[in-house]
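To start, the structure itself, in structure tokens.
Read-outs throughout are calculated quantities, based only on the coordinates presented, and are distinct from any laboratory measurement. Quick caveat, the model's predicted, so the values are computed rather than measured. Counting neighbours? That spans all protein chains shown, and the Cβs are built from the backbone with ideal geometry, glycine included.
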Amino acid sequence: MIISNLEHFQEERHLWPSAVQRGIDYIVNRNLGEAELGRYDLEGDNGVLMYANVQESVTRPFEEQVPESHAVYTDIQFLVSGEEKICFYKLHAGAKVLDDKFATHDIAFYESDPAEQETAILLKPGMFAVCFPSDIHRPNCAIHEGQTIKKIVVKVHKDLL
């Protein structure tokens, strides 16, 4: 997982995969933070290699959010407005899948495991988290109480990494 913000993007970008650099560039250069909600194709036919979802949601208590991971796409979760907590831990053989939708939606949901030490990150506007397929993540968690957030999730196909 990568955690950063636009303030440090230029000085850190050389450390990240080229596709992650391009994903952040697309957010900034195409003003996706001001875009209407919806999907935006960025690379490949019909955005199959990279696309962005501009979305709004309401954060919920940690216990109500279900951990998830992806097999094909890496997420760049960029916060435009509001605040959210995103929690994560490494995918491991003992992780118990609740709902496997890898074949149809490139997502699987996992049982919460009280023994698992999840790391929590507070995202504020301009910050982003890069979640690789080896990262189980629990996005959209409320800090104190639910609030509406706007975020951009850039999906980067594994063939680009």
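Listed here are the residues, each with its yes/no results for (1) on the phi < 0 side of the Ramachandran plot; (2) among the acidic types (Asp, Glu); (3) in contact with a His (Cβ under 6 Å, 6 or more places away or on another chain).
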residue	(1), (2), (3)
Gly23	yes, no, no
Gly38	no, no, no
Asp99	yes, yes, no
Val130	yes, no, no
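Regarding the range 142-150, can at least one residue be identified that is farther than 17 Å from Glu64 by Cα and either more than 12 Å from the chain's Cα centre (by Cα) or not small (Gly, Ala, Ser) (or both)? Yes, the range 142-150 contains at least one residue that is farther than 17 Å from Glu64 by Cα and either more than 12 Å from the chain's Cα centre (by Cα) or not small (Gly, Ala, Ser) (or both). Before we move on, is Asn5 surrounded by 15 or more Cβ atoms within 10 Å (Cβ to Cβ) and over 14 Å from Lys155 (Cβ atoms)? Spelling it out, Asn5 is indeed surrounded by 15 or more Cβ atoms within 10 Å (Cβ to Cβ) and over 14 Å from Lys155 (Cβ atoms). Take Thr74 and tell me if it is over 25 Å from Phe9 (Cα atoms) and surrounded by 18 or more Cβ atoms within 10 Å (Cβ to Cβ). No.
Could you please let me know if Ile2 is β-branched (Val, Ile, Thr), more than 19 Å from Pro133 (Cβ to Cβ) and in contact (Cβ under 8 Å) with a residue 40 or more places away in the chain? No. Looking across the range 118-157, just one residue is among the basic types (Lys, Arg) and touching a Ser or Thr at 6+ places or on another chain (Cβ under 7 Å), and that is Lys150. Scanning the range 19-35 for residues that are free of Cβ contacts under 8 Å to residues at least 24 places away in the same chain, over 10 Å from Val154 (Cα atoms) and of a type in the set (Lys, Arg) turns up at least one hit. Return the residue satisfying two criteria in turn: it lies in the range 26-57 and is of a type in the set (D, E, K, R) and under 16 Å from the mean Cα position of the chain (by Cα), and of such residues it is nearest to His70 (Cα to Cα). My answer is Arg39. The numbered conditions (1) over 21 Å from Ile121 (Cα atoms); (2) out of contact with any Lys or Arg (no Cβ under 7 Å at 6 or more places or on another chain); (3) not basic (Lys, Arg) are all true for Ile76 except (1).
In the set Ser69, Ser57, only one residue is surrounded by fewer than 16 Cβ atoms within 10 Å (Cβ to Cβ) and of a type in the set (Ser, Thr, Tyr); that residue is Ser57.
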